[in-house]
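Structure first, then comments.
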Amino acid sequence: MSDQVLRPSGLWGRRLVGATLAGLLAVGALSACSSRNDSSAGSGGMPASGEMARQDTSGQGADGDSAAKSDPASQARASVGQKLVRRANLQLKVDSLTTSAQRIRSIAAQQSGAVLSEELYAGETGRDTSGSITISVPAASLDATIALIEKVGEVQVRNSSSEDVTGTYVDTEARVKSMTASVARIRDLLAKATTVNDLVALENELSQRQAELDGLTAQLANLKDSVTMSPISISLSTDDFEPVAAAGFLSGLKSGWKAFTSSLAVLVTVVGAVLPFAVAIGLVLAPVIWWMRRRRTTPAAFVSPVAQPAGPMPPPSAG
C-alpha cells in the first residue's frame, strides 16, 4: 500500500519540475527575441548619438557660414580686401655718404617713388660721417626696393613692420558714403525750404555735415596713401653703428656713466656760458661795494665833551 502511494507522488513531482524548466526556457527565448527586435528597431528608426552629433556639427557649420556670408561687415571686408600699412628701416655702413645718398635717390626714382627727407651730418674733420634719408615707394615694390638698397652698403640693422588697417578703412569708407548721402539730403531740403528759419537751420546743419564729410574724406585719402605707398627710412654712417645695449648690471652701469658724463658736460657748458657775464658784473659791482664799505668805516668828526659843573666842596677837616 505504501509503495503504491509513493510511486504516483514521485511521478507527479518529476512532471512538475519538467514543466517548470520548459516554462523558464520559453520565457528566456521570448525575452531574447524581444531584445533583438528592440535593438533593430532602435538602430533603424532613430540615428545613433554619433551620427546625431555629426549632423548637429555640420548644421552648426552651415549656419555659421551662412551667418558670416550675411554679415555686412564681413562682406565689406571681403569686397575691399586686406589693407596693410608697411614700413621698413635700414642702417647701412657706407664708404661715402654723398655717393650712397645719390644711389638711394636713383633707386627711389627707378621704383616710381620719391624722396621725403634727406639729412647729412659733418664730423670733426668736416667730412660727412653720418646722415639719414627717407624715401616712399609703392607698397607692391617694397621688397624689391629693400633688396636694391641693401647693395649700397653693409647692412647692420634691418627691420620692417606691417599694420592691418582693413577695419579702419572699411569703417571710414562707409562713414564717407553715409555722410555724402546725408549732405545730399540736406541740400535737397534746402532747395525746398520756404521760410527764413528753415533756411538758416538747414544751412547750419549743412555746414556741420559738410565739415565732417571733408574730415572723413581726408582721413580716407590718408589711409589710401598709407596703404598704397610704403616709407623706408635709411640711416647712413661711415662708421659702425652702436649695438643695442643688452639688459643687465653692466649695461645699466654703462648707461649711468654715460648719462653722468653727459650731465657733467652740460654743466661745464653752462658754467662756461655764464662765466663772462659773471666777470663783467663783478668788475662793475666791486668798486661800488668797496666804496660803500669804506664809507661805513670812516670815523665821525671830533666833538669836544661839554664841561660838567663842579660838585660841592668837601667840608674842611677839624683840626
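Tabulated data for the structure shown
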item	result
Subset of segment 100-144 (residues that are loosely packed, with under 15 Cβ neighbours inside 10 Å, modelled with pLDDT under 90 and β-branched (V, I, T))	T125
Pick from segment 79-116, criterion of a type in the set (V, I, T) and in a helix (DSSP H, G or I), ranking: farthest from L148 (Cα to Cα)	V80
Selection status of S79, modelled with pLDDT under 90, open to solvent by 40 Å² or more (accessible area, probe 1.4 Å) and closer than 29 Å to N222 by Cα	yes
Exclusive hit being over 30 Å from K93 (Cα atoms) and in contact with a helix residue (DSSP H, G or I) (Cβ under 6 Å, 6 or more places away or on another chain), set L189, L236	L189
Condition check for A280: more than 30 Å from A181 (Cα to Cα) and either touching a residue at least 60 places away in the same chain (Cβ under 8 Å) or open to solvent by less than 90 Å² (accessible area, probe 1.4 Å) (or both)	yes
Yes/no for T172 being in contact (Cβ under 8 Å) with a residue 12 or more places away in the chain and either over 37 Å from the mean Cα position of the chain (by Cα) or farther than 30 Å from K93 by Cβ (or both)	yes
Any chance T168 is among the β-branched types (V, I, T), open to solvent by 80 Å² or more (accessible area, probe 1.4 Å) and either outside any helix (DSSP H, G or I) or out of contact with any Phe, Trp or Tyr (no Cβ under 9 Å at 6 or more places or on another chain) (or both)	no
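Condition check ((1) open to solvent by less than 50 Å² (accessible area, probe 1.4 Å); (2) out of contact with any Ser or Thr (no Cβ under 6 Å at 6 or more places or on another chain); (3) assigned to a helix (DSSP H, G or I)) across all residues:
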{"position": "E173", "(1), (2), (3)": "yes, yes, yes"}
{"position": "T180", "(1), (2), (3)": "no, yes, yes"}
{"position": "A184", "(1), (2), (3)": "yes, yes, yes"}
{"position": "R209", "(1), (2), (3)": "no, no, yes"}
{"position": "L213", "(1), (2), (3)": "yes, yes, yes"}
{"position": "L220", "(1), (2), (3)": "yes, no, yes"}
{"position": "S230", "(1), (2), (3)": "yes, yes, no"}
{"position": "D239", "(1), (2), (3)": "no, yes, no"}
{"position": "G252", "(1), (2), (3)": "yes, yes, yes"}
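The values are calculated or read from the model by the stated rules, or taken from the named source; none is laboratory data. Because the structure is predicted, anything quoted here is derived from the model rather than measured. When we count neighbours, we look across all protein chains shown, and the Cβ atoms used for this are built from the backbone with ideal geometry, even at glycine. SASA here: full protein model, heavy atoms, side chains in, ligands and nucleic acids out. Shrake-Rupley method; radii C 1.70, N 1.55, O 1.52, S 1.80 Å.
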